[in-house]
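Asks: I am attaching a structure below and will ask some questions about it afterwards.
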Amino acid sequence: MTDLRSQLQASLGGAYAIERELEGGGMSRVFVAEETSLGRRVVVKLLPADLWGSVSIARFRREISLAARLQHPHIVPLLAAGEVDGLPYYVMPFVEGESVRARLAHGELPIGETISILRDVAKALAFAHSKGVTHRDIKPDNVLLAGTSAVITDFGVAKALSDATESEVGPLTSHGVALGTAAYMAPEQAAGDPATDLRADLYAFGVMAYEMLAGHAPFAGRSMQATLAAHATEVPRSIAALRPATPEPLADLVMRCLEKRPGDRPQSADEIVHALDAVGGTTSGASVAPGVAPSSASAASLGRGRAARIGGIVAGVAVCVLALALGWRTYAGTRSALGDEIRSIAVLPFENTSGDTTFDYLEDGITDHVRDALNAMPELTVKARSSSHRMKGRDAREIGATLGVVAVLRGTVSHSASRLHVTAELVRAADDIALWSSTFDRQASELAGIQDTITRAVTRRLHLRDADARPGGAAVSGARGTTDSDAYSDFLRGRYAFDRFDFVRAAEALQSAVARDPRFARAHALLAMAYANTPTLGVASVDSMNALARASAERALTLDSTVVEAYLAESYLLTAEMRWADAVKPVEKALRMDSTNSEVLFTYASSLSFVGRIAEALAQARRARDRDPLSQTAVGFLAYVLQMSGQYDAALATARVARDLDASNVLMHQALGFLFSFSGMPDSAVAAFETAFKLNPNVWGGRSNLVFGYAVAGRWSDAARQRPLLERDPPGNSPHYPRMVVDLAYGDYDAAMMALERGVAAREPLFGVLTLACDPLLDPLKSNPRFTALMQRLGARACPATTRWPITTHRG
């Protein structure tokens with residue numbers, strides 16, 4: 001194959017555009033490409049030429065299809081597979097971030113970081129193994145650090161190659177290519193034992209963990225043959241001796257993973273996850289993680305001499321200690337089963353099984369009061385609404401692994417005539433064992449009573465103290481707030497619409513709620529939030545909506561001064577009125593009342609960013625994301641703040657995560673377009689802007705973003721075609737915003753400054769959403785004294801430019 005790249009491109013067709021070849025691809029040739037339909041980067045990996053003729057393409061594709069079905073947050077998915085001239089290839093997303101191998105180039109890792117990475121890897125292995133897929137090549141090179149998470153790449157590829165060759169021509173090792181990597185290969189895998197199973201992955205996991213803690217692999221510096229022999233016959237030096245600061249349970253776990261016999265290792269990745277969770281909570285190095293026995297290898301290396309001298313006495317003591325330990329573990333396990341050790345939970349939307357979508361609002365609504373009531377208990381961590389909603393219908397083990405919770409509350413709801421049929425169950429995530437369950441068949445007006453019964457049952461099952469207030473004595477703002485069942489039903493409809501950015505429909509439902517119960521404070525507060533957000537959709541004026549929002553917020557606070565939504569609404573409308581310094585204050589009040597509410601944390605981060613307090617905003621944005629890790633709003637805003645702080649690699653990785661949570665969201669494609677623009681990736685920027693425009697041409701600057709993207713890519717003829725069309729588009733309620741963007745693209749900075757000043761003076765909504773003081777889009781204006789004066793009038797401190805302006809030439 002004289003021109004492999006051209007032939008590969010021909011095979012890929014128009015779906016992917018190859019950009020370049022990466023060096024250091026190991027046994028594969030690796031190319032970076034762009035997936036043209038979505039504007040995202042991928043890698044295409046091809047098998048080496050010396051495997052031609054030895055691999056059954058059909059078998060390889062059949063085996064790799066199993067790995068392609070894996071969908072897990074800590075596994076890089078396989079997107080496609082094919083062949084070029086008989087040479088198999090496969091396609092995976094391009095992950096921004098370094099590998100664990102790159103991190104190890106600087107020496108051993110901190111113990112806390114090591115535990116975090118190992119936990120992510122173990123969760124991925126547990127999930128894949130549960131689906132019958134093994135990796136067969138776990139090593140630092142195949143673990144990538146993406147943002148704050150570790151992800152495994154090339155999952156199942158080595159296994160697919162093995163199964164595609166052994167039946168026809170013998171194992172690949174006979175061709176000089178190791179299936180797996182010698183330094184991380186389990187003895188049975190190296191020997192070509194056909195009975196090799198998932199425990200080979202656990203051995204490789206142990207080798208990698210050893211290297212992360214010690215700074216080198218167990219048998220580093222030896223030839224491949226010598227290394228394989230050592231794995232089969234030699235006991236590695238104990239981690240406890242090499243790095244005494246390692247917690248004893250962690251050191252024991254690593255050495256147990258390195259046992260020669262598969263039966264002596266942990267028998268599942270789930271077992272490793274539980275052990276690492278216990279290590280994370282260990283405060284004394286003297287304890288042993290539940291479920292993890294000390295390894296025979298480390299025990300032998302540390303205690304052989306003493307055992308020889310006092311063997312009989314030690315044996316007797318060991319029997320007593322073992323009996324006590326087993327008794328304690330049985331007792332502890334029983335207490336855990338009863339709920340004493342469960343201190344984190346996800347409350348999932350109850351699935352609407354009635355077949356009538358008009359009752360979908362009950363899916364969220366049935367859990368509304370339950371989640372808020374449980375969240376009021378200081379002993380319990382409750383995952384936020386958005387993340388829980390995205391896990392609906394998933395297996396409890398997957399929910400626990402993804403959200404990092406120990407228990408899951410889930411159920412169903414159906415509505416017929418005037419009755420509700422509700423099932424509810426509390427399950428332990430680790431093993432899907434039900435801790436409590438119940439069925440309710442009640443009148444629809446008894447929804448509140450069902451919620452209270454579920455809350456009390458969960459509280460008792462988890463042995464939690466009743467809590468009517470958060471620390472500090474503030475009343476819980478999540479209280480239901482009405483005894484009118486119809487008003488509460490309207491409120492739930494409004495909340496459902498608000499969560500889906502349908503602010504107009506949300507306002508209609510909430511108006512009905514407060515008409516039914518004028519003293520329903522929480523409904524007044526959420527109505528204020530709906531009013532305040534409506535102008536951001538491009539409809540209605542700020543002045544008219546803010547007048548309504550202020551009246552509703554004031555009414556809510558008059559009725560109940562602890563309703564946090566009212567303070568959030570006040571912050572929104574002050575931001576829209578360009579009173580940014582004032583907008584920080586009400587959300588600070590909300591934060592004092594509810595410091596764990598992801599919506600409060602997100603709004604606080606947003607208000608801080610408007611006044612230029614980016615470091616503080618970043619800390620709060622991370623808290624909001626951690627509280628609600630599957631919320632596209634929380635994850636997407638974190639990416640935006642990372643961008644404003646100049647952390648472009650982390651911003652890109654985080655923005656891609658947000659985009660993948662919902663690829664139909666126009667805003668995330670636009671955000672990626674600007675990130676690509678300022679990261680030196682013009683083609684990707686254009687693709688992102690074009691995707692956003694196809695999804696909805698009238699949102700958040702619409703066509704002006706296309707003009708900007710074409711200017712970044714130097715495609716001035718395309719920009720020139722779009723510019724006059726922009727003048728014919730409906731102006732919406734922020735006409736100066738697209739003009740400013742186009743003026744910036746063409747280098748007419750005086751005109752851009754004038755558009756900015758006029759848009760702010762008119763309080764156009766888009767100028768109350770963009771973080772004007774720190775967004776790099778406005779970098780060319782930051783040296784203008786008029787920009788500095790404008791920011792001062794708004795109560796903001798302008799940030800310095802964070803990157804090189806991406807447009808080098810312009811044409812009028």
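Asks: Of all residues in the stretch 704-750, which are assigned to a helix (DSSP H, G or I), farther than 15 Å from LEU778 by Cβ and either of a type in the set (Phe, Trp, Tyr) or in contact with an Asp or Glu (Cβ under 6 Å, 6 or more places away or on another chain) (or both)?
Replies: Result: TYR710, TRP716.
Asks: Also: All but one of (1) without any contact (Cβ under 8 Å) to a residue 24 or more places away in the chain; (2) crowded, with 24+ Cβ neighbours inside 10 Å hold for ALA551; which doesn't?
Replies: For ALA551, the failing item is (2).
Asks: Here's something else I'd like to know. I'd like the full set of residues that are surrounded by fewer than 18 Cβ atoms within 10 Å (Cβ to Cβ) and either farther than 23 Å from ARG622 by Cβ or not assigned by TED's automatic domain parsing to the domain that holds THR196 (or both), limited to the stretch 104-129.
Replies: Hits for the stretch 104-129 are ALA105, HIS106, GLY107, GLU108.
Asks: Ok, one more. With VAL279, VAL254, VAL292, VAL288 as the choices, which residue is at pLDDT 90 or above and either within 34 Å of the chain's Cα centre (by Cα) or not β-branched (Val, Ile, Thr) (or both)?
Replies: One residue alone meets the criteria, VAL254.
Asks: If you don't mind, another one. Which of the residues spanning the stretch 605-635 are at pLDDT below 90 and either under 22 Å from PHE767 (Cα atoms) or of a type in the set (A, V, I, L, M) (or both)?
Replies: ALA624, LEU630, GLN632, THR633, ALA634, VAL635
Asks: Can you go through ALA655, ALA671 and tell me which one is assigned by TED's automatic domain parsing to the domain that holds ARG622, in a helix (DSSP H, G or I) and of a type in the set (A, V, I, L, M, F, W, C)? Explain how you work it out, then say what you get.
Replies: On the way: ALA671 fails: assigned by TED's automatic domain parsing to the domain that holds ARG622.
ALA655 is the lone residue from the list that is assigned by TED's automatic domain parsing to the domain that holds ARG622, in a helix (DSSP H, G or I) and of a type in the set (A, V, I, L, M, F, W, C).
Asks: What's the total number of residues in the stretch 455-491 that are modelled with pLDDT under 85 and under 30 Å from SER664 (Cα atoms)?
Replies: 1
Asks: Check off (1) in contact with a helix residue (DSSP H, G or I) (Cβ under 7 Å, 6 or more places away or on another chain); (2) in the same structural domain as ILE239 (by TED's automatic domain parsing); (3) closer than 26 Å to LEU22 by Cα; (4) not acidic (Asp, Glu) for PRO88 and give me the number that stays unchecked.
Replies: Going through the list (1) in contact with a helix residue (DSSP H, G or I) (Cβ under 7 Å, 6 or more places away or on another chain); (2) in the same structural domain as ILE239 (by TED's automatic domain parsing); (3) closer than 26 Å to LEU22 by Cα; (4) not acidic (Asp, Glu), PRO88 breaks only (2).
Asks: Given the structure, is ALA619 of a type in the set (Gly, Ala, Ser) and surrounded by 21 or more Cβ atoms within 10 Å (Cβ to Cβ)? Walk me through it before giving the result.
Replies: Details: of a type in the set (Gly, Ala, Ser): yes; surrounded by 21 or more Cβ atoms within 10 Å (Cβ to Cβ): no.
In short, no.
Asks: From ASP718, ASP779, grab the single residue that is under 31 Å from the mean Cα position of the chain (by Cα) and either under 26 Å from THR575 (Cβ atoms) or not hydrophobic (A, V, I, L, M, F, W, C) (or both).
Replies: Numbers: ASP718 fails: under 31 Å from the mean Cα position of the chain (by Cα).
The conditions single out ASP779.
Yes or no, residue by residue, for (1) without any contact (Cβ under 8 Å) to a residue 12 or more places away in the chain; (2) over 17 Å from LEU672 (Cβ atoms); (3) surrounded by fewer than 17 Cβ atoms within 10 Å (Cβ to Cβ):
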| position | (1), (2), (3) |
| --- | --- |
| THR691 | no, no, no |
| LEU725 | no, yes, yes |
| CYS774 | no, yes, no |
| PRO780 | no, yes, no |
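Asks: Exactly one condition in (1) crowded, with 21+ Cβ neighbours inside 10 Å; (2) modelled with pLDDT of 80 or more is false for ARG516; which is it?
Replies: (1)
Asks: Condition first: among the small types (Gly, Ala, Ser) and either assigned by TED's automatic domain parsing to the domain that holds LEU608 or in contact with a Cys (Cβ under 8 Å, 6 or more places away or on another chain) (or both). Now tell me which residues in the stretch 763-801 satisfy that.
Replies: Initial filter on the stretch 763-801 (among the small types (Gly, Ala, Ser)): 768, 773, 783, 789, 795-796, 798, 801.
Across the stretch 763-801, the qualifying residues are ALA773, ALA798.
Asks: Which residue out of LEU242, LEU213 is hydrophobic (A, V, I, L, M, F, W, C), touching a residue at least 40 places away in the same chain (Cβ under 8 Å) and either out of contact with any Pro (no Cβ under 8 Å at 6 or more places or on another chain) or under 30 Å from ALA430 (Cα atoms) (or both)? Steps first, answer last, please.
Replies: Details: LEU242 fails: touching a residue at least 40 places away in the same chain (Cβ under 8 Å).
Just one listed residue meets the conditions, LEU213.
Asks: Here is a further query. Here are LEU591, LEU661, LEU574, LEU652: which of them is within 30 Å of ALA376 (Cβ to Cβ) and under 15 Å from the mean Cα position of the chain (by Cα)? Show your work before the answer.
Replies: Details: LEU591 fails: under 15 Å from the mean Cα position of the chain (by Cα); LEU574 fails: under 15 Å from the mean Cα position of the chain (by Cα); LEU652 fails: within 30 Å of ALA376 (Cβ to Cβ).
Criteria check complete, one pass: LEU661.
Asks: Which of the residues belonging to the stretch 77-108 are out of contact with any strand residue (DSSP E or B) (no Cβ under 8 Å at 6 or more places or on another chain), of a type outside the set (Gly, Ala, Ser) and at pLDDT below 80?
Replies: Across the stretch 77-108, the qualifying residues are ASP85, HIS106, GLU108.
Asks: Quickly run through the stretch 384-402 and pick out the residues that are surrounded by 24 or more Cβ atoms within 10 Å (Cβ to Cβ), modelled with pLDDT of 75 or more and either touching a helix residue (DSSP H, G or I) at 6+ places or on another chain (Cβ under 7 Å) or of a type in the set (Val, Ile, Thr) (or both).
Replies: Answer for the stretch 384-402, where residues must be surrounded by 24 or more Cβ atoms within 10 Å (Cβ to Cβ), modelled with pLDDT of 75 or more and either touching a helix residue (DSSP H, G or I) at 6+ places or on another chain (Cβ under 7 Å) or of a type in the set (Val, Ile, Thr) (or both): ILE399, ALA401.
The values are calculated or read from the model by the stated rules, or taken from the named source; none is laboratory data. Just so it is clear, the model here is predicted, and its values are computed rather than measured. Here Cβ is always computed from backbone atoms with ideal geometry, including for glycine, and neighbour counts include all displayed protein chains.
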